[in-house]
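*Asks:* One structure follows; several queries about it will come next.
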Amino acid sequence: PPDVEQLGRSTWTLLHSIAATYPTTPSAREQADLQTFMSTFSRLYPCWVCADDFQGYMAREKMPVGSRDAFGQWLCEAHNAVNVKLGKQTFDCSKWQERWRTGWKD
Ligand code: FAD
């Protein structure tokens, strides 16, 4: 099986990058695509315990697809839930676009 840490870093990069390039006002088609992608992703992710927990998170916390910032915030909180589970520091979600879209100001 793939290395869970390396897989995780690569996958978070992909997911936050998708959020960063998601439209600010997505069409109905784009919203449906994101919904389909994320639910399929949660079933195919090749770390089964991770996938199981992530499916549970998605069932509890309704994923918004109506705008870039709503989805990006949700994804940041989902990532923080994993950070907490693993005993890692949480990330300040007000800074998600700075980290993944616009780049740090300093
Ligand atoms: P990562 O957590 O991979 O983060 C990469 C970078 O993202 C960080 O360096 C930081 O710059 C940024 N970042 C950190 N937090 C946030 C945030 N909240 N929002 C935005 N950006 C942020 N591992 C397990 O052992 N058990 C699991 O159950 C598990 N579940 C996972 C579920 C999913 C859906 C994914 C994608 C990964 C999962 N992982 C799991 C892997 C785990 O989350 C980490 O990717 C892995 O431990 C490597 O961690 P890291 O410290 O290198 O940073």
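*Asks:* Can you tell me the Rg and the Dmax, both Å, for the Cα atoms in the chain?
*Replies:* Radius of gyration, then largest Cα-Cα span, for the chain: 13.6, 39 Å.
*Asks:* Here is a follow-up. In what order do S17, S27 fall by count of nearby beta-carbon atoms within 10 Å, going from fewest to most?
*Replies:* S27, S17
*Asks:* Suppose each label sits 7 Å from its Cα in the direction of the beta carbon; what would the Y45-R101 distance come out to in nanometres?
*Replies:* About 2.2 nm separates the two model spin labels.
*Asks:* Let me ask you something else. Which is farthest toward the positive dipole end of the chain among L44, A32, L14, measuring Cα position about the Cα centre, with Cβ charges +1 (Lys, Arg) and -1 (Asp, Glu)?
*Replies:* Farthest towards the positive pole: A32.
*Asks:* May I pose another question? Taking the Cα centre of the chain as the origin, how large is its charge dipole in debye, to the nearest 20, when only Lys and Arg (+1) and Asp and Glu (-1) carry charge on their Cβ atoms? Display every interim value, and only then the final one.
*Replies:* Working: 12 positive and 12 negative charges, 23 e Å.
In total the dipole reaches around 100 debye.
*Asks:* Let me ask something else about it. May I ask you to list the residues of region 39-69 whose amide nitrogen lies under 20 Å from a point 7 Å from Cα along the Cα→beta-carbon direction of Q6?
*Replies:* 45-51
Readers should treat all values here as calculations from the given coordinates under stated rules, not as data from a laboratory. All values reported here derive from a predicted model rather than from experimental measurement. Because the Cβ atoms are built from the backbone with ideal geometry, glycine has one as well, and the counts that use them run over all protein chains shown.
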